[in-house]
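Working notes for the structure below.
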Amino acid sequence: MMEAMVTGPAASAVDRLRSADRLRRLADAEELHAIVELADAHQWSTEDEFDVVGERPVRIGADGSRLVGEFLPLEVAAATGRSVTSATWLIRDALSLQARHPYLWSAVVGGQLARYQAFQLVQLCAGYELTLDQVLAVDDRLKGKYGRIGWRRLMRLARGLIAQVAADKVEAATRKARADRYMKTAQVADDPVVSQVWARLDTSDAHQLEATISAIARSLKTQGDTDTLDIRRARALGILATPARALALLDGGDDQRYLPRTKVYLHLTPDMITGRSHQVAEAGTDAVATDDTADSFPAAAVARSETLGPVTRTQLAELFGTHRITITPVIHGGTEQPVDSYEIPNRVRESVTLRDGCEVFPYSSRAARALDLDHAHPYIPGVPAQTRPDNLGPLTRRVHRAKTAGRWRLRQPRGGTFWWTSPAGQRYRVSPKGTDDLHDWSPGERALVWVLDTRPDRRGQNPQETP
């Protein structure tokens with residue numbers, strides 16, 4: 001069991017460190033208990049009947065874990081301020097931990113082991129698709145070692161036990177690993193001109209890639225590149241995207257004609273555009289950018305690129321120095337006029353996408369451009385002007401289903417502002433400024449903000465009922 005907290009000026013730094021760690025584990029254990037309790041409230045049995053249109057039972061956890069309602073992750077996501085995907089993973093691991101690893105579960109809720117470590121073992125067993133009986137056998141063999149031996153050592157031991165109880169599945173996982181080779185990139189969150197690369201390759205290909213990158217990095221140094229080895233290696237990997245330039249460097253030379261070509265969509269406001277870029281925007285066509293293109297933007301201006309995020313003039317200049325860039329400006333205009341049809345015209349879709357940027361579910365960060373647009377107030381055939389920006393918002397399919405099924409309720413008092421009510425009665429307000437959790441707001445505060453949100457706009461929008 002966890003010991004009492006040790007705080008105050010008399011406590012040593014080590015005592016406070018130990019106490020903080022115990023408190024963190026207590027909080028993690030409490031969160032696990034809360035998730036299990038929520039899952040109990042959303043639990044289904046194999047004999048339950050369900051409506052195909054409404055909520056359906058799903059097994060989020062691994063073999064042996066309970067069936068729960070498919071909308072449970074929405075409640076957890078909104079209540080904890082995390083994404084629906086993150087909430088789904090949390091529920092998955094929590095339910096698998098409780099149902100399949102009883103001794104490991106006891107170690108976590110008792111404070112002997114950190115939750116994140118336990119989840120690593122839970123995911124390892126689930127990754128090998130072990131049955132409930134196989135996981136119970138592994139858990140039984142490890143029960144005396146949780147919290148008593150180093151975690152990396154315990155994980156090595158766990159892998160050995162898995163190979164003993166499920167050799168066929170370990171071999172199948174090896175075959176699957178080869179089938180799951182990939183390469184992907186992702187932009188670094190705090191700098192739009194830097195990205196990360198991940199890959200899973202054949203070992204022989206990885207060794208060859210390493211040798212080629214090292215050779216190009218050495219050639220860059222001989223060409224006068226004074227950057228560190230790590231930076232030259234990163235640049236060498238990027239140069240491989242242009243084979244002709246890579247060959248030139250491997251031959252001891254270089255050729256700047258083979259700089260890569262990039263297309264950038266910049267979201268601009270009219271007052272951000274001057275000189276040549278203004279002409280490009282008015283023409284509405286692509287234009288190849290050069291170094292002086294960045295200078296046509298005001299020094300303090302920040303444009304937004306759908307692929308790069310916010311971009312300053314300095315960052316644009318860096319891109320122009322290393323790439324041949326084609327710029328397509330996107331000027332933010334006014335509100336699009338409504339239409340009577342259910343189908344959404346491209347001009348209305350573009351207006352809503354630019355306005356919201358991301359999904360309008362609480363705390364979601366999913367890009368709006370890849371999502372469907374949903375009518376906040378359900379479409380009724382024959383009623384005019386329903387398809388308009390202030391009755392539309394981008395949603396993922398799961399959130400859309402939860403709303404259609406009546407589990408989550410949505411009202412949109414004005415364009416870009418959305419009021420949500422969860423199945424548990426929790427309320428959230430999503431606006432261009434972010435998500436407001438209304439749990440601790442008084443009825444009077446909620447009513448006041450609702451009145452402000454429902455004030456008629458320039459088209460004379462009518463206020464809705466008080467929430």
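Values quoted throughout were computed directly from the atomic coordinates according to the rules given, and no laboratory measurement underlies them. Note that the structure is a prediction, hence the values are computed from the model and not measured. Here Cβ is always computed from backbone atoms with ideal geometry, including for glycine, and neighbour counts include all displayed protein chains.
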_What whole-number distance in Å separates the alpha-carbon centres of region 384-419 and region 172-193?_
34
*Along region 204-219, what does the Karplus equation 6.51 cos²θ - 1.76 cosθ + 1.60 (θ = phi - 60°) give for ³J(HN,Hα), rounded to whole Hz, x for Gly and Pro?*
5, 5, 5, 5, 5, 4, 4, 5, 5, 4, 5, 5, 5, 4, 5, 5
*Vicinal HN-Hα couplings computed from phi for region 427-443 (Karplus, 6.51 cos²θ - 1.76 cosθ + 1.60; Hz; Gly/Pro x)*: 10, 9, 10, 10, 9, x, 8, x, 9, 9, 7, 8, 4, 9, 7, 6, x
*Using the beta-carbon distance between residue 45 and residue 186 and R0 = 41 Å, what value does 1/(1 + (r/R0)^6) give for FRET efficiency, to the nearest 0.05?*
0.50
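Would you mind calculating the relative contact order of region 127-267 from Cα pairs under 8 angstrom and at least 6 residues apart, reporting the percent as a whole number?
Values: 90 pairs, mean separation 18.6, N = 141.
Answer for region 127-267 is 13 percent.
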*asked:* Per residue of region 138-149, what does 6.51 cos²θ - 1.76 cosθ + 1.60 with θ = phi - 60° give for ³J(HN,Hα)? Whole Hz please, x for Gly and Pro, Karplus curve as stated.
replied: 5, 4, 5, 6, 9, 4, x, 10, 4, x, 10, 10
*asked:* So if each residue of separation counts as 0.36 nm, and I subtract the Cα-Cα distance between residue 31 and residue 229, what length gain in nm does that give?
replied: 66.8 nm
_Computed Kirkwood radius, in angstrom, where 1/r is averaged over Cα pairs of region 184-258_ = 13.2
_Amide H contacts under 5 Å for residue 70, placed H, 5+ residues apart_ = 56, 58
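Let a ≥ b ≥ c be the square roots of the eigenvalues of the Cα gyration tensor of region 55-139; is it rounded (a/c under 1.5), or, if not, prolate (a/b larger than b/c) or oblate?
On the way: a/c = 2.19, a/b = 1.38, b/c = 1.59.
Here region 55-139 falls in the oblate category.
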_For peptides 66-73, 139-146, 197-204, sequence by mean Cβ density within 10 Å, most packed first_ = 66-73, 139-146, 197-204
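Taking neighbour Cβ counts within 10 Å as the exposure measure, how do 44, 441 sort from fewest upward?
Values: 44 18, 441 15.
Fewest-to-most ranking of 44, 441: 441, 44.
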*Going by average Cβ neighbours within 10 Å, how do the peptides 17-30, 221-234, 116-129 rank, with the highest at the top?*
116-129, 17-30, 221-234
